[in-house]
Amino acid sequence: MKQLILLLATVSLNVFGQLMMKRGMASVGAITGDMNAIVQSLSKAVMNPFVLAGVATYGFSTVFWLVLLSRVELSYAYPALSLGYVLITLVSAFFLGEQVSALRWAGVFVIVAGVIMVTRG
């Protein structure tokens, strides 16, 4: 049970970090152009509070990941991280308003089925 809580904490922090980074990058804009433009955009991104919060949260998830790896087999833990794909798709659709196709939802279902199979074996 403790391992499941660690796994869920790791995935949740990872997803939240990604959400924050995406939110920050939405205000920075697409990074394109010559090297000067890229450097300027990346500098703007690094100073964005949402990007900073996302990177910090994502980094903090690594602490939980290391604790989890000390307790369970990698062949269990790593495939279970795929739950992040599921949560990211849900967050993208419901919080960011992204359009998710039926084919993508079918892929999410396959991922969930695979995670269930891996964690039971």
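Looking at this structure, is Leu66 assigned to a helix (DSSP H, G or I) and either loosely packed, with under 13 Cβ neighbours inside 10 Å or free of Cβ contacts under 8 Å to residues at least 12 places away in the same chain (or both)? The answer is yes for Leu66. None of Ser43, Ser61, Ser12, Ser92 is exposed (fewer than 13 other Cβ atoms within 10 Å of the Cβ) and either at pLDDT 90 or above or small (Gly, Ala, Ser) (or both) except Ser43.
Of the listed requirements (1) under 21 Å from Phe109 (Cα atoms); (2) surrounded by fewer than 16 Cβ atoms within 10 Å (Cβ to Cβ), Leu74 misses just one: (1).
When Leu83 is tested against (1) within 23 Å of Trp105 (Cα to Cα); (2) in contact with a Gly (Cβ under 8 Å, 6 or more places away or on another chain), only condition (2) is not met.
The listed residues are Val63, Val39, Val46, and the only one of them that is closer than 22 Å to Val91 by Cβ and of a type in the set (A, V, I, L, M) turns out to be Val63. When Thr32 is tested against the conditions (1) of a type in the set (Val, Ile, Thr); (2) in a loop (DSSP other than H, G, I, E, B); (3) within 30 Å of Ser70 (Cα to Cα), the lone failure is (3). Return the residues of region 69-94 that are in contact (Cβ under 8 Å) with a residue 40 or more places away in the chain and of a type in the set (A, V, I, L, M, F, W, C); say none if nothing qualifies. Residues satisfying the conditions are Val72, Ala77, Ala80, Leu81, Leu83, Leu87, Ile88, Val91. Kindly establish whether Leu83 is buried (at least 17 other Cβ atoms within 10 Å of the Cβ) and either in contact with a Lys or Arg (Cβ under 9 Å, 6 or more places away or on another chain) or not hydroxyl-bearing (Ser, Thr, Tyr) (or both). For Leu83, the condition - buried (at least 17 other Cβ atoms within 10 Å of the Cβ) and either in contact with a Lys or Arg (Cβ under 9 Å, 6 or more places away or on another chain) or not hydroxyl-bearing (Ser, Thr, Tyr) (or both) - is met.
The values are calculated or read from the model by the stated rules, or taken from the named source; none is laboratory data. The structure presented is a predicted model; accordingly, all values stated were derived computationally and were not measured. Cβ coordinates were reconstructed from backbone atoms using ideal geometry, including for glycine residues, and neighbour counts include every protein chain displayed.
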